[in-house]
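Let me begin by presenting the structure, written as structure tokens, before commenting on it.
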Amino acid sequence: MNEQIQEVLALTNRWVKRLSREKFSMLFTLIQPMLFWLIFFGNLFQRATDVQVVQAPNYMSFLAAGVVVMTVLNNGLAGGVDLLFDKENGFLERLMATPIRRSSVILSRFLFVMAITAMQILVILGVAFLFGVSAETGILGIALILVLGMLFGIGLTAISMAMAFSVKSHGDFFSVLGFLSLPMIFLSSALVPLAAMPGWMKTLAFFNPMTWVIDAIRPLILSGWSEALPQVAIALGVLAVFDALCLYGGARAFKRSVG
Amino acid sequence: MSDAVAIEVKGLGKTYDTVTAVKNLSLSVMQGEIFGLLGPNGAGKSTTLRILITTLTPTSGTATIFGHDVVKEADTIRRLIGYVPQERAIDRFLTGREHLLLLADLYHLPKHEALTRIASLLKLVDLEEHADRVAKGYSGGMKRKLDIACGLLPNPKVLFLDEPTLGLDVQSRLNIWQYLRQLREQGMTIVMTTNYLDEADQLCDRIAIIDRGEIRAIGSPRDLKASLGGDGVWLTLGDPSPQLVESLSTALKALPFVRAIRPTPQGLDIRVDAPEKALPAILEATNRVGCRLDGIEYHRPRLDDVFVAHTGRSLKDQPPEPTT
């Protein structure tokens, strides 16, 4: 057990070092989501938004939950990229020839992606606060937002890693990534509430797990505990199923790839 | 080299969907020798190596390292071996020292032991000066040195290297050969793949020639070359009359180092075992018979001749393919 902790920490440390040395990448990773979506979108659509439709005092307060989950989505789906490169240049093989538990590489990746995601969520909530949006449910609510984000992120990272281990080339990986990411956002309640969507989009968004996570986080920010708790309970159920499926698929892809 | 067997491979096979990468491969590697897997790209060398380092599972056959099965006891094997992959397997954002520190944790070395070992390895491969620079700026030779240090970090009983000098300049190649010979002196068993004939010839104690997934020949470079019928000596005679050629042949046949004699239009084609002894004896014999020599040509069989003899094509004819 001690040995595995040593392995996971050393591998996680490597991801941190890599990120810290890719200064631009780090900057964009941290700043892009809140800059593009929260600040630009939030302010741009402020007056184009019908307050009756979004059921919020302003568009940015409505959008905050969506941006949080979008960040989780993007980080999660990109979570396997570094492993993909490790696989392609042979670094993964170097690691696999050492007496580590096979799971340590995966665990280090989960740990790293979750830590980065958590930090970003806090930054987004902080920026939203500067624009006058504060969580109605307070610190406890924010903690719950982090938990929901993490749970969604675990499944997404598992998908990403499964893809990294299965694809033939990184071109394929990035094609699928680009294809998945935006539709997932538009076909969810991130930008517009489900009730205001055209019928067919509503149907698709209904089956998008992202919708359920956003609909649980939004009342934690906008309304308060009484409205939030039932939504949170539903989201936890959805995430339990989602994570179970993703982790199962991920484990299979990993086993097939590295034994 | 001792008589103890380090690696025993029996009937090893690896098939991907429809492609057979390795079939029915058997070999043994002795403790303390440098063993080379020689063959063109795609011959099955790397597949064999990957099975031995436990990152690939064979579809048939078995392989053991010091009696431990590479599939069933993979974890034990991983504690016995060091692995030097091809050059690209370096994290360009980490420094040389950080590579070693990472691996030290993956081999579960205690901190103080890791630090002393890392310091001495950096010294061994002469990389102390650059140890704290990120690997992005390393030259090919420096990356290779770092790779070797990484492979040696666990203090392995067997070191596996994948094309250790691919794409390196002459000086770096010689340095790497030097390290590997030093390690052999210390009793380490070394298994490497190569598609360089001179490397196999000069560095390896024994080689297996692999082509299209099968072993074509196995033995020391010297034995393999000797199996072609020995070194060649060509005599051009001043007077190649049948009578003179006949008496010279009779005289030469009596010599212990001569294996075969064949008349040629100009003189004789002689195959010999130990050229350093055979050449003076041949000259002495021609004098004794009273035969005037117009020319003498001596040519050692090259490993490429061995390769051609066993595979029907020359390794040198292989177009340089991008490494995968």
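The values are calculated or read from the model by the stated rules, or taken from the named source; none is laboratory data. Worth saying up front: this structure is predicted, and the values here are computed from it rather than measured. So basically every Cβ, Gly included, is an ideal-geometry build from the backbone, and we count neighbours across all protein chains shown. The protein model used for the area step is the full one, side chains on, heavy atoms only, and it has no ligands, DNA or RNA in it. Shrake-Rupley method; radii C 1.70, N 1.55, O 1.52, S 1.80 Å.
The range A:1-87 holds helices (runs of 4 or more DSSP H) entirely within its bounds, and those carrying 2 or more residues that are open to solvent by 30 Å² or more (accessible area, probe 1.4 Å) and modelled with pLDDT of 95 or more map to A:2-21. The single condition among (1) under 19 Å from residue B:65 (Cβ atoms); (2) more than 9 Å from every other protein chain (Cβ to nearest Cβ); (3) of a type outside the set (Val, Ile, Thr); (4) surrounded by 21 or more Cβ atoms within 10 Å (Cβ to Cβ) that residue B:149 does not meet is (1). Before we move on, is residue B:148 β-branched (Val, Ile, Thr), within 19 Å of the chain's Cα centre (by Cα) and either part of a helix (DSSP H, G or I) or not assigned by TED's automatic domain parsing to the domain that holds residue B:77 (or both)? The answer is yes for residue B:148.
Does residue B:38 meet the test of being crowded, with 22+ Cβ neighbours inside 10 Å and either more than 8 Å from chain A (Cβ to nearest Cβ) or farther than 28 Å from residue B:123 by Cβ (or both)? Considered against the rule, which asks whether it is crowded, with 22+ Cβ neighbours inside 10 Å and either more than 8 Å from chain A (Cβ to nearest Cβ) or farther than 28 Å from residue B:123 by Cβ (or both), residue B:38 comes out as yes. Just one of the listed residues (B:322, B:242, B:301, B:265) is closer than 30 Å to residue B:40 by Cβ, at pLDDT below 85 and open to solvent by 50 Å² or more (accessible area, probe 1.4 Å), and it is B:322. Here residue B:43 does not qualify as buried (at least 17 other Cβ atoms within 10 Å of the Cβ), modelled with pLDDT of 95 or more and out of contact with any Lys or Arg (no Cβ under 6 Å at 6 or more places or on another chain).
Number of residues in the range A:83-107 that are within 10 Å of residue A:7 (Cα to Cα), among the β-branched types (Val, Ile, Thr) and at the interface with chain B (Cβ under 9 Å from one of its Cβ atoms): the value is 1. When you go through (1) touching a residue at least 40 places away in the same chain (Cβ under 8 Å); (2) in a helix (DSSP H, G or I); (3) not hydrophobic (A, V, I, L, M, F, W, C) one by one for residue B:182, which number turns out not to apply? Against the list (1) touching a residue at least 40 places away in the same chain (Cβ under 8 Å); (2) in a helix (DSSP H, G or I); (3) not hydrophobic (A, V, I, L, M, F, W, C), residue B:182 comes up short only on (1). If you go through the range B:85-103 and keep only what is within 17 Å of residue A:96 (Cβ to Cβ) and more than 7 Å from chain A (Cβ to nearest Cβ), you end up with B:90, B:99.
Of all residues in the range B:253-267, those that are in the same structural domain as residue B:283 (by TED's automatic domain parsing) have Cβ atoms under 7 Å from Cβ atoms of residues that are outside any strand (DSSP E or B) and open to solvent by 50 Å² or more (accessible area, probe 1.4 Å), 6 or more apart or on another chain, in B:257/B:273; B:257/B:277; B:259/B:273; B:261/B:253; B:266/B:240; B:267/B:240.
Exactly one residue out of A:221, A:185 is within 16 Å of residue A:146 (Cα to Cα) and out of contact with any Lys or Arg (no Cβ under 6 Å at 6 or more places or on another chain): that is A:221.
Conditions tested, residue by residue: (1) surrounded by 20 or more Cβ atoms within 10 Å (Cβ to Cβ); (2) over 26 Å from the mean Cα position of the chain (by Cα); (3) outside the structural domain of residue B:212 (by TED's automatic domain parsing); (4) farther than 30 Å from residue B:15 by Cβ.
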| residue | (1), (2), (3), (4) |
| --- | --- |
| B:86 | yes, no, no, no |
| B:92 | no, yes, no, yes |
| B:122 | yes, no, no, yes |
| B:128 | no, yes, no, yes |
| B:133 | no, yes, no, yes |
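Restricting the range B:221-230 to residues that are open to solvent by 20 Å² or more (accessible area, probe 1.4 Å) and outside any helix (DSSP H, G or I), the residue that is modelled with the highest pLDDT is B:227. Among the conditions (1) surrounded by 19 or more Cβ atoms within 10 Å (Cβ to Cβ); (2) more than 19 Å from residue B:165 (Cα to Cα); (3) of a type in the set (A, V, I, L, M, F, W, C); (4) away from chain A (no Cβ under 13 Å), residue B:70 misses just one, which is (4).
Would you check which residues across the range B:66-84 are of a type in the set (A, V, I, L, M) and within 24 Å of the chain's Cα centre (by Cα) and list them? The answer is B:70, B:77, B:80, B:81, B:84. Checking the range B:182-193 against the condition returns a match, with at least one residue being among the polar types (S, T, N, Q) and in contact with a strand residue (DSSP E or B) (Cβ under 6 Å, 6 or more places away or on another chain).
For the range A:221-258, the candidate set comprises residues that are within 17 Å of residue A:66 (Cα to Cα) and polar (S, T, N, Q); within that set, the residue that is nearest to the other protein chains (Cβ to nearest Cβ) is A:231. Inspection of the range A:206-216 identifies at least one residue that is closer than 28 Å to residue A:122 by Cα, assigned to a loop (DSSP other than H, G, I, E, B), modelled with pLDDT of 90 or more and open to solvent by less than 60 Å² (accessible area, probe 1.4 Å). Of the residues making up the range B:215-255, those that are more than 30 Å from residue B:49 (Cα to Cα) and among the basic types (Lys, Arg) number 1.
Could you look through the range B:73-84, keep only residues that are open to solvent by 20 Å² or more (accessible area, probe 1.4 Å) and free of Cβ contacts under 8 Å to residues at least 40 places away in the same chain, and pick out the one that is farthest from the other protein chains (Cβ to nearest Cβ)? Of everything passing the filter in the range B:73-84, B:73 is farthest from the other protein chains (Cβ to nearest Cβ).
State all residues of the range B:109-120 that are within 14 Å of another protein chain (Cβ to nearest Cβ) and open to solvent by 30 Å² or more (accessible area, probe 1.4 Å); if no residue qualifies, say none.
Correct list: B:110, B:111, B:113.
Applying the set (1) within 12 Å of chain A (Cβ to nearest Cβ); (2) of a type in the set (Asp, Glu); (3) in a helix (DSSP H, G or I) to residue B:129 leaves exactly one unmet item: (1). Within the range B:167-214, the residues that satisfy the criterion of being open to solvent by 50 Å² or more (accessible area, probe 1.4 Å) and of a type in the set (A, V, I, L, M) are B:170, B:174.
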